[in-house]
Amino acid sequence: MDIDELVLQAKQGKAEAFGQLYDLFAQRIFKYIRIKIQDRQQAEDILQDIFIKAYKGLPVLRTDHLNFPAWLYKIAANTVNDHFRKTYRAPTVIGMDEEFDIAGNYSVEREIQSLSDGESMQKAFTQLPPLYKQVLELRFLQEFSLSEVAKILGKSNLAVRLIQFRALKKVRLILNNDL
Amino acid sequence: MIFSAKKFKKEVQALPKLIPAADALTSQDQARIKQNILLAIARQDVTETPVGFWTRRRQLILRYTVSAAAVFSLVAGTAFASSNAIPGDLLYPVKITTEKVQLSLASSDQSKAVLEAQFARQRIVELQKLAAQTPVPTAIMPNASGNPVGLISSSTPPALTIQTPLETQARIQANMEVNDALTALKSVQAKLQSRGDNKDAQIIAGSILNLQNQAGAQHLLGGSNNNQNNYKDHGQNQYKPTRSPAATTTRPSQLRKLNDLPGLRPD
């Protein structure tokens, strides 16, 4: 059964069809969330919120010229932003002694050097700005078009193109072990 | 093309390797989250009806429109209801405020003067209504020859003999407004004449005469119907009514004497 058919059935309230949609997209959406959310537990909670929101939005979703994955990613982007907004408004108090080792000699560069080439490149990739990683993920791994990515992230086509260009330049540096 | 990704083919191909595998969702976690979602959906089906963005927006717009219409109709309704109010009524201050707003919105001196004249006429009508509401005591009812009977001398104008404090206040107010309106009308008339707009000047002159007659009928501005002769133009369209000291307003001592008469107390 293709995605559009599943969406139509889920729209009619069939939870089973929505479950199948979840199976199709959960992994991809989770990866996308993890770009910005470091905490795995939080990322799982957000994934759950995204699919519940999607189900709530199904009755009013227009199915003509529907791009369901883009719509789902848009919900994901908004939910992640909402999460950061909530976190920003209600910051948690962290004890300095527990969380910060101010006098420690931790160094990202040193840590990366101690890893194998593949691992160090992955580590370097994780250090990229989340927006760069989002654009790369959406454009080249999820294969959305420029305008779809622009819609998902709420940016102009030109802005996405520029971010993509800068991100790829950074990836080149990572691959050349220059970062 | 500017900022093209075509020259980064190698980097694009390497991207899947750069994303750590640990970030993937395990099948157990995926199943657990699915179960949670389906449970939440089942609960939501019973408790909540989803409302779309545009439905919410439409509801919001409708709510604002209804509120604005309610406020507008309340203000307009109050202003309309106050149009027949007379001094002492609950809505009379609303009427005065509405008139002030109308005056402040007048676009030219001419329209302002016309409005002032209209409001001055309103004050005169209010005076008539007030006088009609006040019961005329038999002690000072005019006798067969038309002269009031009692302590009041026959030379006292009838309008003054039965004034309540409210009427006195209304009379002072009417006097002031008629004065102001006549001043404004005369000023506009002079301007029109200097511009050579005799047709409009004639209309204003008619308005002045009309107002003077109405004021005279109510013993305002000098107490007689011919009080238009009491106004003097002092050079630059200045208008100063020559008041007759006896007839303009009721003196407090006179009012006290009147209130002492049986049946003439304001309460």
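The values are calculated or read from the model by the stated rules, or taken from the named source; none is laboratory data. Quick caveat: nothing in here was measured; it's all calculated off a predicted structure. All Cβ positions, even for glycine, are placed from backbone atoms using ideal geometry, and neighbour counts span all protein chains on display. All accessible areas refer to the heavy atoms of the entire protein, side chains included, with ligands and DNA or RNA removed. Shrake-Rupley method; radii C 1.70, N 1.55, O 1.52, S 1.80 Å.
What about B:Ile33, is it more than 60 Å from the chain's Cα centre (by Cα) and at pLDDT below 85? It is false that B:Ile33 is more than 60 Å from the chain's Cα centre (by Cα) and at pLDDT below 85.
Looking across the stretch A:10-23 at every residue that is more than 9 Å from chain B (Cβ to nearest Cβ) and open to solvent by less than 40 Å² (accessible area, probe 1.4 Å), the one that is nearest to A:Leu153 (Cα to Cα) is identified as A:Leu21.
Residue-by-condition table, conditions (1) at pLDDT below 90; (2) surrounded by 18 or more Cβ atoms within 10 Å (Cβ to Cβ):
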site: A:Phe25; (1), (2): no, yes
site: A:Tyr55; (1), (2): no, yes
site: A:Asp64; (1), (2): yes, no
site: A:Asn78; (1), (2): no, no
site: A:Ala90; (1), (2): yes, no
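Scanning the stretch A:168-179 for residues that are touching a helix residue (DSSP H, G or I) at 6+ places or on another chain (Cβ under 6 Å) and either more than 11 Å from every other protein chain (Cβ to nearest Cβ) or more than 13 Å from B:Ala14 (Cα to Cα) (or both) returns a single hit, A:Leu179. Restricted to helices (runs of 4 or more DSSP H) entirely inside the stretch A:1-67, those with at least 2 residues that are basic (Lys, Arg), under 21 Å from the mean Cα position of the chain (by Cα) and within 14 Å of A:Val80 (Cα to Cα) are A:15-36, A:40-57. Contact annotation: residue pairs with Cβ atoms under 7 Å, 6 or more positions apart or on different chains, pairing a residue in the stretch B:109-134 that is without any contact (Cβ under 8 Å) to a residue 24 or more places away in the chain with a partner that is open to solvent by 70 Å² or more (accessible area, probe 1.4 Å), are B:Leu115/B:Gln102.
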